[in-house]
């Protein structure tokens, strides 16, 4: 499935275009060429490719409808990648703990489903990507806080302390 967000980003949520029998990666290479300022992001990547996306991106945008604890925000912080998220699950706490990103306001319904206004999200993204100093601070602080508090070594030690009383 192809989704257009804003005017310059396209997101693919599938790998094969069955109708035209074209591979999304070929389409992405074509669109991502120097001939245009549009960019394509492909999901369902192999883990090593996904990690490279985190390491080679400027901003991670997380606009999920419902979550319990969006661990992907910790992954973003671990990569030094600033993030913007909607307030799903404990995303607000993760932003506070890691100092790796910010939260775009969005209402939730009685069932906990969050729906962000695309215009509001676009404004927040636009404002953030224009502030290189803040992006750098989020990236640096997020990575440092992840390294000092949220690695599996640190977390397992904390669990051990709780379990051993």
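The values are calculated or read from the model by the stated rules, or taken from the named source; none is laboratory data. Not measured: the values here are computed from a predicted model. Using ideal geometry, Cβ is built from the backbone for each residue, glycine included, and neighbour counts are taken over all protein chains shown.
Tabulated results
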quantity: Number of the condition not met by residue 115 [criteria: (1) surrounded by 14 or more Cβ atoms within 10 Å (Cβ to Cβ); (2) on the phi < 0 side of the Ramachandran plot]; calculated: (1)
quantity: Residue match in the range 123-135 (condition: under 24 Å from residue 155 (Cβ atoms), in the same structural domain as residue 155 (by TED's automatic domain parsing) and surrounded by 15 or more Cβ atoms within 10 Å (Cβ to Cβ)); calculated: no
quantity: Counted residues, the range 78-108 - those being on the phi > 0 side of the Ramachandran plot and without any contact (Cβ under 8 Å) to a residue 40 or more places away in the chain; calculated: 1
quantity: All positions within the range 35-50 that are at pLDDT 65 or above, surrounded by fewer than 14 Cβ atoms within 10 Å (Cβ to Cβ) and not in a helix (DSSP H, G or I); calculated: 35, 44, 46
